[in-house]
Amino acid sequence: MMVSSTYEWHGRTGPLTLRLGPGVFTPTHTTVVMADALEINPGDVVLDVGCGSGVLGLVAARLGAARLVGCDLSAEAVATATENARLLGLSDCSEFHLGHLFDPVDDVEADVVIGDVSGVPEAVAEVMPWSSGGPTGAELPGEMVETLGPRLKQGGRLYLPTGTMQAEDRLLEVARKVFGEDNMHPLVVREFPLAPTLARSPAVQRLVDDGVLAMRRRGSRLMWRLTVWRCTRP
Ligand SMILES: C[S@@+](CC[C@H](N)C(=O)[O-])C[C@H]1O[C@@H](n2cnc3c(N)ncnc32)[C@H](O)[C@@H]1O
């Protein structure tokens with residue numbers, strides 16, 4: 001694997017030094033909040049879809065998960081996550097696969113799905129070094145929720161980030177249809193200032209003006225809100 005950088009993870013179970021191959025997603029505030037929200041029981045099978053560097057699944061493994069399966073559309077991410085697992089001594093209990101959403105893992109039935117696939121609109125992805133989750137950012141995570149099916153056991157938990165940096169209402173509508181409102185619990189809600197490069201982008205501004213992104217103004221800054229949901233399979 002070609003290492004283009006390392007990243008010091010100070011989130012849950014850290015500090016850890018992670019390798020990052022070229023173009024692999026660098027963990028963000030969302031990653032840190034997601035890691036804090038995870039509830040892992042000893043022996044859990046964990047499926048990390050859109051695993052990037054593997055960080056969230058590897059945190060789950062360090063918290064006691066028995067088996068970790070990660071997948072990502074980026075070959076560099078799959079190689080990076082595999083290498084990070086090796087460096088952390090977790091190769092024996094982990095595997096990482098290449099492909100779209102659940103396509104490469106059709107034999108897995110997980111207790112926990114970490115559902116942190118790209119969920120920002122194209123206009124945001126054009127400005128930041130992130131991949132797009134579709135025109136409004138709700139399309140790819142919405143497809144993930146709709147196609148989850150038997151990959152999540154009955155009684156199993158999906159940890160799903162949603163936010164006002166995407167068309168959050170559309171994604172939540174899909175999640176409510178699949179899980180039912182009573183099975184969805186917000187575990188953490190946090191607000192962050194939108195990066196200045198994004199706040200200045202005319203395309204992002206248009207999404208805010210059109211009401212697709214429901215961001216709040218605080219003084220001269222735009223604030224975006226992140227929620228991490230526990231969605232339990234009925
Ligand atoms: C927001 S990043 C999260 C990565 C990691 N969970 C973290 O917090 O560092 C989203 C990840 O989803 C991956 N991704 C994008 N489209 C995908 C798809 N269609 N199927 C699977 N993974 C995808 C990206 O390559 C990226 O690694």
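Just to be sure before I move on: is ARG218 touching a strand residue (DSSP E or B) at 6+ places or on another chain (Cβ under 9 Å) and over 23 Å from ARG176 (Cβ atoms) in the structure I sent? Yes, satisfied. Annotation note: Cβ proximity below 6 Å between a residue of the stretch 113-139 that is farther than 17 Å from THR197 by Cβ and without any contact (Cβ under 8 Å) to a residue 24 or more places away in the chain and a residue that is surrounded by fewer than 24 Cβ atoms within 10 Å (Cβ to Cβ) and not hydrophobic (A, V, I, L, M, F, W, C) (sequence gap 6+ or interchain) occurs for PRO135/GLU122. For GLY11, the conditions (1) assigned to a loop (DSSP other than H, G, I, E, B); (2) surrounded by fewer than 16 Cβ atoms within 10 Å (Cβ to Cβ) are fulfilled apart from (2).
Restricting to the stretch 153-171, and then to whatever is more than 16 Å from the chain's Cα centre (by Cα) and either hydrophobic (A, V, I, L, M, F, W, C) or assigned to a helix (DSSP H, G or I) (or both), can you tell me which residue is nearest to the ligand (Cβ to nearest atom)? Ranking the candidates gives ARG170 first. The residues of the stretch 66-77 that are within 15 Å of the ligand (Cβ to nearest atom) and either closer than 11 Å to SER94 by Cβ or touching a residue at least 40 places away in the same chain (Cβ under 8 Å) (or both), listed by number, are LEU68, VAL69, GLY70, LEU73, SER74, GLU76, ALA77.
Considering only residues of the stretch 22-31 that are out of contact with any strand residue (DSSP E or B) (no Cβ under 7 Å at 6 or more places or on another chain) and within 11 Å of the ligand (Cβ to nearest atom), which is farthest from LEU226 (Cα to Cα)?
GLY23
Taking the listed residues ALA138, ALA167, ALA175, ALA123, the one that is at pLDDT 90 or above, more than 26 Å from ALA35 (Cβ to Cβ) and either touching a Cys at 6+ places or on another chain (Cβ under 9 Å) or small (Gly, Ala, Ser) (or both) is ALA123, with no other qualifying.
The values are calculated or read from the model by the stated rules, or taken from the named source; none is laboratory data. Model, not experiment: these values are computed from the prediction. Methodologically, a virtual Cβ is constructed for each residue, glycine included, from the backbone with ideal geometry; neighbour enumeration extends over all protein chains shown.
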